[in-house]
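Data block below; observations after.
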Amino acid sequence: MSTAIIKASILRRFYEQAGLALFAFTARALEQVSTLVMTLLAARFLMPAEFGVFSLANVFVILVQTLTYTGIFQFILTAKGDERLILSTSFWLILLLVGAASLLLAVAAYPLQWLFASADLAMVLVLLAAAQPVSALVAWSSATLLRRQETARNFTFVFIENLAALVSGTLLLWFWHSLYALVAARYARIVFGAALFIIGGRTWPHLHFSAALARKAAAFSSHLYGSRFLAFLSRYAADILLGVFHSPGDVGLYRFGNRIATGATDILSQPMSNFASTQFGSAARHDQDLAPLLARHAGTITLLTGMVGAVIIVFARDVVSAFFQPSYLAAMVVTYAMGLRGVAGAGQLLVEPVFAALDRTSAVTAYNLVTAVATVAAVAAASPFGIEFLAWTQATVVFLSTLWAFYIMHKSGIAIDRAVRNFASALLLASAFGVLLFLLRQSEWLIFTPSVGSALIAYCLITMLLGSAVLFVAGRLRVFSLEAFSG
């Protein structure tokens, strides 16, 4: 075979891989885009107190969702044995767990409304809890498709579901300026997702159930559930404490500032977490070395979240001033801190996929126990000093948690040298990108004002070009890799 034909084949395979990676990433990321758009529309049409009620309710719904996309979900991806029995047993387990948790949340709705002194909170909680068992079926179906390596079908369904949720949610909020428009948007997403994954994916549950396999899945999942609960406390303790000691308005401001940053960085980090879980799970089933995967994801996640964080820090105030209610400007310092928190949490994000692949989920629980205790203690100490100090304290704790994550991976026998180098290199590249953006923003030749749309468009184009250049350099340095986006 001639050299030209070989080069053409390699180039074609590269473009095919890049195309699949881009589509898969877009499909995964669109959920975060949809959530971010809902937050932006809420800030345009709702007062901080109204948005705070939904944010508080959503915190407890996210707690129920810890039973949906972890534990049994991870077990489906990594378990060896009779596939039919694994899938069927997992279906009944996840339905039972999420159903029980949803019922408990509905029962607790009115006591929580009394605790937070927040009108409408109970009704919102009951409505959101009622939809969670259906959401669990969607998660089971998605895990089934990933286990069968039907990644293209899974990504297609994820893309269509999230696109439908984005359109329906936007229309609901645009024409119905109400707290309950956010609830209706959540229902639209879940119902459409169920139709796609269960019917379109042909992932039908069966009556088969193995008690022995259920015990194995429960043992595997218990540590992940415990660790995810602790991670939940780390992420949302601030919302709960603000709701108890202050007001839903403070929660709304904090969650808006948080969501502007984390919503943008989660567009990258949450899909990357799913990719990491799939790749590490596959590597575990085939007894492959995890170190190259760790290095690949550490550099890629850190660089991408860092670049997004830089864009947020430089341009967030301009955008909020131009398009949203002025009362939300009080949340900008939270946005800056959380933008840095996103990039600081790369190592923390990889703990669960790594130790699930090693079948050492107890290590995830231990890690999250320490980080949760440290975070809750820091939040409790920082809360009296305001939401700004609270946000910067959290960002610092997350960075220290990432350093510790790499340390315990090293102690578990994984070579982390290349991963740490990629993490540090990505931080430097993202910082350089941020500095260049800041200098661009401060320059006199292109002044950003809310009334000059052309300036905003120019900034977007220049940011994209500059970002592409940074990614090219990172790819040459092997800090960034498209292979991290494969399913």
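The values are calculated or read from the model by the stated rules, or taken from the named source; none is laboratory data. Just so you know, these numbers come straight off a predicted model, no measurement behind them. Note: ideal-geometry Cβ built from the backbone for every residue, glycine included; neighbour counts use all protein chains shown. Accessible surface areas use protein heavy atoms only, side chains included; no ligands, DNA or RNA. Shrake-Rupley method; radii C 1.70, N 1.55, O 1.52, S 1.80 Å.
Filter segment 374-395 for residues that are within 18 Å of Leu230 (Cα to Cα) and in contact (Cβ under 8 Å) with a residue 24 or more places away in the chain and give the result.
Of everything in segment 374-395, those that are within 18 Å of Leu230 (Cα to Cα) and in contact (Cβ under 8 Å) with a residue 24 or more places away in the chain turn out to be Ala374, Thr375, Val376, Val379, Ala380, Gln394, Ala395.
Answer with yes or no whether Leu436 is touching a helix residue (DSSP H, G or I) at 6+ places or on another chain (Cβ under 8 Å) and either at pLDDT 90 or above or polar (S, T, N, Q) (or both).
For Leu436, the condition - touching a helix residue (DSSP H, G or I) at 6+ places or on another chain (Cβ under 8 Å) and either at pLDDT 90 or above or polar (S, T, N, Q) (or both) - is not met.
Open to solvent by 10 Å² or more (accessible area, probe 1.4 Å), without any contact (Cβ under 8 Å) to a residue 40 or more places away in the chain and part of a helix (DSSP H, G or I): is that true of Leu329 in this structure?
Criteria met by Leu329.
Across segment 62-86, which residue is surrounded by the most Cβ atoms within 10 Å (Cβ to Cβ) among those that are touching a residue at least 24 places away in the same chain (Cβ under 8 Å) and more than 25 Å from the chain's Cα centre (by Cα)?
Ile86
Going by the conditions given, is Ala24 closer than 21 Å to Leu349 by Cβ, at pLDDT below 75 and in the same structural domain as Phe157 (by the TED database)?
yes
Just to check your reading of the model, which residue among Ala295, Ala264 is on the phi < 0 side of the Ramachandran plot, at pLDDT below 70 and assigned to a helix (DSSP H, G or I)?
Among Ala295, Ala264, only Ala264 is on the phi < 0 side of the Ramachandran plot, at pLDDT below 70 and assigned to a helix (DSSP H, G or I).
Scan (1) touching a helix residue (DSSP H, G or I) at 6+ places or on another chain (Cβ under 7 Å); (2) modelled with pLDDT under 75 for the single condition Trp204 breaks and write down its number.
So Trp204 meets the others, but not (1).
Among the listed residues Phe315, Phe355, Phe389, which satisfies the condition of being assigned by the TED database to the domain that holds Ala415, open to solvent by 50 Å² or more (accessible area, probe 1.4 Å) and assigned to a helix (DSSP H, G or I)?
One residue alone meets the criteria, Phe389.
Is there any pair linking a residue in segment 199-213 that is surrounded by fewer than 15 Cβ atoms within 10 Å (Cβ to Cβ) to one that is hydroxyl-bearing (Ser, Thr, Tyr), with Cβ under 7 Å and at least six apart or on different chains, and which?
His206/Ser88; Phe209/Ser88; Phe209/Thr89
Which of the following residues is modelled with pLDDT of 80 or more, surrounded by fewer than 21 Cβ atoms within 10 Å (Cβ to Cβ) and within 15 Å of Leu182 (Cα to Cα): Leu95, Leu56, Leu127?
Leu127
Among the residues of segment 341-348, is any closer than 26 Å to Ala217 by Cβ, assigned by the TED database to the domain that holds Val420 and under 21 Å from the mean Cα position of the chain (by Cα)?
yes
List the pairs whose first member sits in segment 161-176 and is surrounded by fewer than 18 Cβ atoms within 10 Å (Cβ to Cβ), whose second member is assigned to a helix (DSSP H, G or I) and at pLDDT 90 or above, and whose Cβ atoms are under 8 Å apart, counting only residues at least 6 apart or on separate chains?
Trp176/Ala184
Go through (1) free of Cβ contacts under 8 Å to residues at least 12 places away in the same chain; (2) crowded, with 24+ Cβ neighbours inside 10 Å one by one and return the number of the condition Gly347 breaks.
(1)
So, of the residues in segment 218-227 that are surrounded by fewer than 23 Cβ atoms within 10 Å (Cβ to Cβ) and not hydroxyl-bearing (Ser, Thr, Tyr), which turns out to be nearest to Ser55 (Cα to Cα)?
Result: Gly226.
How many of the residues making up segment 98-112 are over 26 Å from the mean Cα position of the chain (by Cα) and within 17 Å of Leu182 (Cβ to Cβ)?
Adding up the residues that qualify gives 0.
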